[in-house]
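Each remark here refers to the structure printed beneath this line.
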Amino acid sequence: MAPSRRSFLARLLASPLAVAYGAAARALPPMKITRVETVYWKARGDAPFWPHWTWLKIDTDAGVSGIGETYPRNSAEAAMAAGAAPSLIGRDPRDSERIWADLYRSFDFNIAGGTEMRVLSAIDLALWDLLGNSLQAPVYRLIGGKANPRVRLYNTCFPYKYDFNREPEKIMRELIDTRGIQAIKIWPFDGAAQRNRNQFITPQDIEQALEPVKKLRDAFGFAIEIAIEFHAQWNLTAAIRIAHALEPYRPMWLEDMLMPGNYHQYRELAAATPLPLTVGERMAGKMQFEQLLESRTAKFVMFDVTWCGGLTEARKIAAMADAQELPVAPHTAGGPLLFYASTHLSTASPNVWIQESCQRFYERDWPAMLVDPIVPEKGYIQAPEESGFGMRIKPEAWNHPAAVRAVAGRS
């Protein structure tokens with residue numbers, strides 16, 4: 001090794017942060033996973049915080065724990081987690097890469113994807129949370145530090161105070177005035193997709209769907225960003241027609257217009273419009289994202305850390321996008337840990353365009369279940385400085401009487 005390289009590595013390894021975490025890691029006694037617990041609710045109306053996720057808790061014989069999360073097939077995810085628990089108990093939780101690879105290969109016998117990848121994501125997040133807790137360090141410090149001390153946000157308009165189809169300008173005005181957020185995501189074309197069974201769209205359908213877009217541009221001009229979500233509802237012909245109609249309004253992106261995996265069709269769509277496309281929230285694993293990146297169709301790469309394989313896999317996907325000089329835009333329209341974990345990843349990643357947030361969650365739902373939940377300020381979010389992901393669940397939420405709990409292993 002050349003002297004300059006040796007001296008660089010010596011300086012890197014001797015940095016105060018690396019020394020501190022290295023010393024802390026060496027001082028830790030051996031630890032083994034002893035217990036895996038899942039908590040979920042059968043319906044969103046079962047609790048005052050609109051739950052639609054499964055929490056997974058991993059305990060160790062060292063008294064250190066970590067929390068993971070996935071959604072929305074709760075009973076199936078809890079059952080799959082219980083099935084995976086025996087292969088976790090007795091292992092060192094700090095060996096997260098080996099655990100990930102072993103579980104992935106095991107799950108692949110059942111066709112890795114769907115519930116298997118969602119459960120693997122929850123397990124992986126719990127291991128990262130546990131590692132941060134064991135080192136008394138926030139996770140973003142363990143994966144690269146502050147590439148972005150603050151992460152820019154857009155708002156996804158889940159049901160709350162106003163209907164985005166009728167009064168989108170009221171949502172945007174309130175977000176600007178109270179949170180400083182100046183980007184919004186709406187899905188005004190979904191109604192036409194449902195009416196027409198995803199088969200066609202008429203000029204009248206398009207005019208109706210454009211109304212909230214026009215209201216936002218009339219009220220705020222191009223001082224705000226507008227993202228249009230399509231939930232993969234359309235065929236190629238309809239998607240091209242819709243994209244052409246949206247071009248004068250210059251949305252930030254068109255999201256998931258077609259079903260994921262149809263890269264030839266996505267190439268045709270990308271060639272038919274100058275508007276940028278984003279794809280990926282439903283995709284799982286770096287191999288699927290490799291195909292997306294090779295297609296050169298998406299200008300933004302979206303992933304969900306509770307679906308794609310957890311933080312371990314999301315970091316690799318973000319790095320793959322960075323190698324293609326593409327930004328990422330994490331999807332967070334799920335449970336609270338999804339937002340926390342995504343914020344840590346966005347903080348440490350050098351190629352983040354913007355991150356999703358939901359006003360309803362941080363204003364209504366999270367205060368009912370979390371201790372001092374993080375909230376946007378001046379259009380941005382900051383990762384908490386507490387250990388792990390920094391999400392602290394109120395005991396009354398974890399032990400809610402309507403929650404379905406299951407435990408594998410010993411206390």
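Assorted remarks:
- Search result, residues across segment 367-380 that are open to solvent by 10 Å² or more (accessible area, probe 1.4 Å) and in contact with a Pro (Cβ under 8 Å, 6 or more places away or on another chain): P367, A368, P373, I374
- Condition check for D256: of a type in the set (D, E, K, R), within 19 Å of the chain's Cα centre (by Cα), at pLDDT 95 or above and at positive phi: yes
- Sole exception among (1) within 23 Å of F389 (Cβ to Cβ); (2) at pLDDT below 95; (3) touching a helix residue (DSSP H, G or I) at 6+ places or on another chain (Cβ under 8 Å) for F107, by number: (1)
- Subset of segment 343-373 (residues that are closer than 22 Å to A227 by Cα and hydrophobic (A, V, I, L, M, F, W, C)): L345, V352, W353, I354, C358, F361
- Filter result (open to solvent by less than 80 Å² (accessible area, probe 1.4 Å), assigned to a loop (DSSP other than H, G, I, E, B), small (G, A, S) and out of contact with any His (no Cβ under 9 Å at 6 or more places or on another chain)) within segment 381-411: S387, A402, A403
- Within the set I176, I171, I181, the sole residue that is crowded, with 16+ Cβ neighbours inside 10 Å, without any contact (Cβ under 8 Å) to a residue 60 or more places away in the chain and of a type in the set (V, I, T) turns out to be I176.
- Some residue of segment 275-286 being polar (S, T, N, Q), assigned to a loop (DSSP other than H, G, I, E, B) and either closer than 21 Å to T343 by Cβ or touching a residue at least 12 places away in the same chain (Cβ under 8 Å) (or both): no
- Within segment 215-231, the residues that satisfy the criterion of being open to solvent by less than 20 Å² (accessible area, probe 1.4 Å), over 17 Å from R195 (Cβ atoms) and not in a helix (DSSP H, G or I) are I224, I226, A227, I228, E229.
The values are calculated or read from the model by the stated rules, or taken from the named source; none is laboratory data. What you are looking at is a predicted structure, and each value in this text was computed from that prediction instead of being measured. Cβ sites come from the backbone with ideal geometry, for glycine too, and all protein chains shown count toward neighbours. We work out accessible area using only protein heavy atoms, side chains counted, and drop any ligands, DNA or RNA first. Shrake-Rupley method; radii C 1.70, N 1.55, O 1.52, S 1.80 Å.
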